[in-house]
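A.B. asks: Would you mind keeping the following structure in view while I ask a few things?
The values are calculated or read from the model by the stated rules, or taken from the named source; none is laboratory data. What you are looking at is a predicted structure, and each value in this text was computed from that prediction instead of being measured. Here the Cβ is made from the backbone with ideal geometry for all residues, glycine too, and neighbour counts use every protein chain on show. These accessible areas exclude ligands, DNA and RNA; they are computed on the full protein's heavy atoms, side chains included. Shrake-Rupley method; radii C 1.70, N 1.55, O 1.52, S 1.80 Å.
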2 protein chains.
Amino acid sequence: MLFFGLRLTLVQFIGSTHETRVFYTQLLPLTTVLTISIPETVRLLNKAEALYQSDIRSLDDLVHLAKALHSLGPGFVFLRGGHLPLTRNLEVPKYDIDKEVIVDVLYDGTDVSLIKTAYINTEISQGVGYVFSSAIASQLALGEPVPLATRKACQYVETGISKGNGLINYFHSTCILPFSRGHFIEYVLNREDVKPIWEAHVHHDFVKRIGDGTLPIEKFKDYLVQDYLFLVQFARAKALSAYKSNSMEAIAAGAEEILHIQREMSLHLDYCAEFGLSRKDIEEQEEHQACTAYTRYVLDIAHSESWFGLQMAFAPCLLGYGIIARRLWDDPGTVREQGNRYWKWIQNYVADDYRAAVAAGEAILEKHAVLQSSSQIDSLVKIFVHATKMETGFWNMGNE
Amino acid sequence: MLFFGLRLTLVQFIGSTHETRVFYTQLLPLTTVLTISIPETVRLLNKAEALYQSDIRSLDDLVHLAKALHSLGPGFVFLRGGHLPLTRNLEVPKYDIDKEVIVDVLYDGTDVSLIKTAYINTEISQGVGYVFSSAIASQLALGEPVPLATRKACQYVETGISKGNGLINYFHSTCILPFSRGHFIEYVLNREDVKPIWEAHVHHDFVKRIGDGTLPIEKFKDYLVQDYLFLVQFARAKALSAYKSNSMEAIAAGAEEILHIQREMSLHLDYCAEFGLSRKDIEEQEEHQACTAYTRYVLDIAHSESWFGLQMAFAPCLLGYGIIARRLWDDPGTVREQGNRYWKWIQNYVADDYRAAVAAGEAILEKHAVLQSSSQIDSLVKIFVHATKMETGFWNMGNE
């Protein structure tokens with residue numbers, strides 16, 4: 001489909017009688033939408049000797065002008081009323097303060113459509129017509145019919161002027177994510193408001209003492225008990241995550257995660273037994289404040305935020321354990337094998353199954369991060385930060 | 001702060017001895033970041049007679065090159081390894097199929113940073129260096145330190161190439177909302193997938209017969225009862241909306257809405273009394289399927305979707321009643337006053353307080369719509385569409 005739009009600056013270039021004739025007899029009838037202002041209309045009609053009156057004083061005059069223009073041949077006339085701001089009741093105002101509405105007229109030879117937008121007292125005057133005609137052409141190219149394309153163009157220009165601070169803001173509907181696709185996690189961990197909090201978590205003294213084996217055994221046993229109690233609530237939050245999913249695949253993935261947590265807990269019990277802790281010992285313990293704070297924060301996010309917000313609350317645990325265990329594993333300073341009673345803990349979180357779970361979780365975060373808006377990213381990062389602090393609270397139990 | 005970046009095309013323009021001297025003695029030492037590829041490095045070092053070997057065969061050679069370049073004066077050398085794709089283990093591959101990683105080297109005279117990105121087999125070769133240096137400069141302008149600016153530039157280029165289909169996609173992190181700020185509702189109601197469903201709701205036969213007074217009284221009474229039962233559940237959903245709010249202002253607004261519904265229900269009871277229905281008559285009725293479907297759908301959205309998703313589920317009711325009542329009020333065909341036993345119903349929904357509630361609800365929708373991402377808009381519209389169908393189900397009760 002070919003659209004032929006005319007902007008009236010052309011008229012200024014019409015010199016010879018031949019050019020004028022081509023313009024009126026050939027260009028105008030080819031035109032899909034003629035986008036034109038009141039002064040341009042007056043000039044155009046004067047040249048065509050078709051103007052009955054040049055004093056445009058009412059909405060009726062405006063409609064009359066649009067009809068006169070249409071008789072020159074274009075498919076649609078889009079007559080911009082910007083030079084005639086009206087009152088709320090679409091009358092010509094006595095005082096400037098009563099200027100509230102701009103009415104543009106779209107006429108196709110049959111129907112008169114009035115498109116109302118807010119009057120904005122602006123210095124912007126040059127070039128607005130070009131923006132209108134480009135915006136209409138863009139909407140036509142997107143497949144909208146002329147009336148809707150024109151309405152959308154009017155809204156685009158109105159918003160562009162109101163958000164423009166003296167210029168037209170062409171990008172008022174555009175947002176830019178602050179990270180490249182596939183690099184969301186790295187972006188989050190390197191943010192100024194995240195980095196120190198994340199470092200405090202993954203480089204915590206508790207973690208170092210797991211690495212060199214100097215953590216007092218009672219502290220570690222307390223941690224194991226609370227971690228077990230934590231996982232019960234974490235599984236409930238995963239159930240809410242499944243509930244908030246909108247595909248069977250995602251619901252099933254949530255169920256798989258719950259079953260994975262259950263298996264992890266059973267290993268946990270075996271591991272605890274090595275430290276002389278029975279299931280009964282564990283389940284009879286009360287939740288520590290840090291455990292309640294962390295788990296109930298995640299459960300509240302599960303209730304009150306979006307599905308992806310909840311994934312951000314899960315993330316510090318998932319990512320953190322992987323990163324911590326990997327670093328301890330790689331660190332030549334780490335005490336290994338029989339030399340470190342906590343070596344098995346490190347092994348657990350560098351094992352293939354845990355690594356696969358982290359990779360899957362990372363892929364989900366990356367996939368959905370790019371579907372968020374840039375203004376949501378800050379709120380999502382706040383969830384991540386608070387959950388990280390709550391996770392660090394777990395290590396802090398060891399200081400008490 | 002002034003950043004001075006050098007792209008090595010400059011070297012090609014170095015002709016006279018004087019120009020060469022200026023380049024090496026003045027431009028290079030001024031440079032904040034020198035962005036350069038392997039072949040460019042070889043040319044540059046050859047000219048400076050500082051090249052020890054030109055056969056770059058390993059990652060060590062690459063690091064060595066970066067150090068040699070740094071001795072020429074720039075603050076940072078960013079040596080792009082694109083001409084030397086490596087294996088997963090950072091070795092030089094024997095076969096093309098083993099090319100997996102590109103390693104770029106950043107060197108500041110002290111620290112060597114290796115930046116790894118995925119190797120992408122692409123036709124894109126010309127101009128990538130310009131994109132790198134522009135991306136680094138942009139990140140520096142945003143206040144990032146050179147190492148992070150460089151990492152982000154690498155991610156930007158990697159994603160730009162992988163999403164580029166043979167060209168670099170510069171806009172991979174950009175999204176454009178399909179409506180202008182302040183015109184979200186109009187956009188939704190005019191979408192192709194919404195318009196017919198919306199029209200079926202607001203132009204429903206039930207509504208027409210309220211307008212001309214021909215609706216059988218029993219049908220209207222059934223509707224009144226179900227509408228009352230509906231409002232009880234709607235109030236519960238408003239409570240969840242308050243719970244999901246994250247400011248005291250928004251929580252309080254939710255509470256105000258619940259109290260508004262309570263007042264509306266009390267008027268409802270007075271109105272029902274005029275039709276011979278007592279409170280007991282109403283509260284003893286069972287919910288019709290249509291009432292359960294609509295209210296439980298909204299409550300499920302309240303649980304499972306974001307706060308704004310819930311506002312989209314509320315929207316068809318809020319907007320629809322305002323639009324319907326206004327149209328009936330304006331329509332010369334509507335039977336008025338004593339002539340129409342349903343006239344008071346129309347009056348209720350054009351009254352100032354209801355109009356104010358609609359305006360407030362519209363403002364909230366418009367304010368938050370622009371904070372969503374373009375990919376979320378479709379899901380949000382789906383909620384609106386389904387809630388509209390459930391609302392239409394209310395009118396359909398009158399057909400049974």
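A.B. asks: So how many residues does segment B:31-51 have that are in a strand (DSSP E or B), within 15 Å of B:Ser134 (Cβ to Cβ) and either not aliphatic (A, V, I, L, M) or not assigned by TED's automatic domain parsing to the domain that holds B:Ser71 (or both)? Spell out how you get there, then give the answer.
C.D. replies: Start the filter on segment B:31-51 by keeping residues that are in a strand (DSSP E or B), which leaves B:33-37.
From the residues that got through so far, the ones that are within 15 Å of B:Ser134 (Cβ to Cβ) too are B:33-36.
After this cut, where a residue has to be either not aliphatic (A, V, I, L, M) or not assigned by TED's automatic domain parsing to the domain that holds B:Ser71 (or both) as well, the list is B:35.
Number satisfying all stated conditions: 1.
A.B. asks: Looking only at segment B:115-139, filter to residues that are surrounded by 15 or more Cβ atoms within 10 Å (Cβ to Cβ) and among the polar types (S, T, N, Q); which one of those is nearest to B:Tyr170 (Cα to Cα)?
C.D. replies: Here the answer is B:Ser134.
A.B. asks: Separate question: Quick one: is B:Ser375 within 14 Å of another protein chain (Cβ to nearest Cβ), hydroxyl-bearing (Ser, Thr, Tyr) and surrounded by fewer than 17 Cβ atoms within 10 Å (Cβ to Cβ)?
C.D. replies: yes
A.B. asks: Could you please let me know if A:Glu264 is at pLDDT 90 or above and more than 14 Å from every other protein chain (Cβ to nearest Cβ)?
C.D. replies: no
A.B. asks: I'm trying to understand the selection: among the residues of segment B:344-372, which are in contact (Cβ under 8 Å) with a residue 12 or more places away in the chain, part of a helix (DSSP H, G or I) and within 14 Å of chain A (Cβ to nearest Cβ)?
C.D. replies: B:Glu366, B:His368, B:Ala369
A.B. asks: Residues of segment B:256-310 being open to solvent by less than 20 Å² (accessible area, probe 1.4 Å) and within 17 Å of B:Arg236 (Cα to Cα), which ones?
C.D. replies: B:Ile261, B:Cys291, B:Tyr294, B:Thr295, B:Val298, B:Leu299, B:Ile301, B:Ala302, B:Ser304, B:Phe308, B:Gly309, B:Leu310
A.B. asks: Touching a residue at least 12 places away in the same chain (Cβ under 8 Å), closer than 30 Å to A:Val131 by Cβ, in contact with a Gly (Cβ under 6 Å, 6 or more places away or on another chain) and not acidic (Asp, Glu): is that true of A:Ile161 in this structure?
C.D. replies: Criteria not met by A:Ile161.
A.B. asks: With at negative phi and in contact with a strand residue (DSSP E or B) (Cβ under 6 Å, 6 or more places away or on another chain) as the only criterion, which of A:Ser304, A:Ser379, A:Ser374 stands out? Steps first, answer last, please.
C.D. replies: On the way: A:Ser304 fails: in contact with a strand residue (DSSP E or B) (Cβ under 6 Å, 6 or more places away or on another chain); A:Ser379 fails: in contact with a strand residue (DSSP E or B) (Cβ under 6 Å, 6 or more places away or on another chain).
After applying the criteria, what remains is A:Ser374.
A.B. asks: Which of the helices (runs of 4 or more DSSP H) contained wholly in segment A:150-221 include at least 1 residues that are within 13 Å of another protein chain (Cβ to nearest Cβ), at pLDDT 95 or above and open to solvent by less than 20 Å² (accessible area, probe 1.4 Å)? Spell out how you get there, then give the answer.
C.D. replies: Working: elements: A:184-190, A:195-202, A:205-211.
Because the criterion is at least 1 residues that are within 13 Å of another protein chain (Cβ to nearest Cβ), at pLDDT 95 or above and open to solvent by less than 20 Å² (accessible area, probe 1.4 Å), the helices (runs of 4 or more DSSP H) in segment A:150-221 that meet it are A:184-190.
A.B. asks: Among the candidates A:Ser71, A:Ser58, A:Ser37, single out the residue that is of a type in the set (Gly, Ala, Ser) and either open to solvent by less than 10 Å² (accessible area, probe 1.4 Å) or within 26 Å of A:Gly127 (Cβ to Cβ) (or both).
C.D. replies: From the options A:Ser71, A:Ser58, A:Ser37, the qualifying one is A:Ser37.
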